[in-house]
Amino acid sequence: LAKTTQPISMDSYEGQEVNITCSHNNIATNDYITWYQQFPSQGPRFIIQGYKTKVTNEVASLFIPADRKSSTLSLPRVSLSDTAVYYCLVGDPLVQGGKLIFGQGTELSVKP
Amino acid sequence: GAVVSQHPSWVICKSGTSVKIECRSLDFQATTMFWYRQFPKQSLMLMATSNEGSKATYEQGVEKDKFLINHASLTLSTLTVTSAHPEDSSFYICSARGVAGDLYGYTFGSGTRLTVV
């Protein structure tokens, strides 16, 4: 399973755009990149998933360069409620029983 | 969307007793379930993987006789912490996976805060 590296923490202010970059140099051909959000004392929540280029949904965008060795989660105009830990994971969703291994995650703190 | 229900959300037990945590997939069949443990300010650590009807596969360093996992049906998996000790106090989270090929197939429960006194 590809190992991921993220910044341990980031600070931002309300209304700003936040970009969290994840490195995954050993990503395999069939691996997808998935981002989860976790609030204290809650289970992780799926944010977005992608394989290449750009993916956008109602809460975030995911940018993946051509070499796929990194990815960037972009949160537009963050609010205080976006304060959480964000995890980047890589894996092959087509593998039956494939397990998700979490890295250290990025603790995002949004200030007023 | 897929929902995973985990109970109880918190539990306090005495040292030496056993505690059972349930994880249910409410609107899909979970062919695989995962159990994680999370200590304060740390990431999730995978404990074991269970497939319906078969024995769980434990990660290295996780005592299978202490953390009993049962995945008797496609919608229910249980984790039993046997002879609990204060060092077992942690946040336990389950995750359920549907059929392979579903890109969004990993759904997490809300977690169980276990405190052993």
Most to least packed among A:73-81, A:52-60, B:32-40, B:69-77 [average Cβ atoms within 10 Å]: B:32-40, B:69-77, A:73-81, A:52-60
Debye log10 I(q)/I(0) for the protein assembly as shown, one point scatterer per Cα, at q = 0.12, 0.17 Å⁻¹: -0.66, -1.23
Inter-chain Cβ neighbour average for residues A:30-41, partner chain, 10 Å: 2
Viscosity 1.567 mPa s, 4 °C: Kirkwood-radius Stokes-Einstein D of the range A:1-102 over Cα pairs, µm²/s: 92
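If I stretch the segment between B:Ser15 and B:His85 completely, what's the gain in nm (0.36 nm per residue apart, minus their alpha carbon distance), one decimal?
The span from B:Ser15 to B:His85 would gain 24.7 nm if fully extended.
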Spatial extent of the range B:1-54: Rg and Dmax, with the Cα atoms as the point set, Å: 13.3, 39
Förster radius 35 Å - calculated FRET efficiency between B:Lys55 and A:Phe39 (Cβ-Cβ, nearest 0.05): 0.60
Partner chain coverage, peptide B:40-47 - average Cβ within 10 angstrom: 4
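None of the figures in this text is laboratory data; all of them are computed from the coordinates on show. Owing to the predicted nature of the structure, the values given are computational and were not obtained by experimental measurement. Quick reminder, even Gly has a Cβ in these numbers, built from the backbone with ideal geometry, and neighbours come from all protein chains shown.
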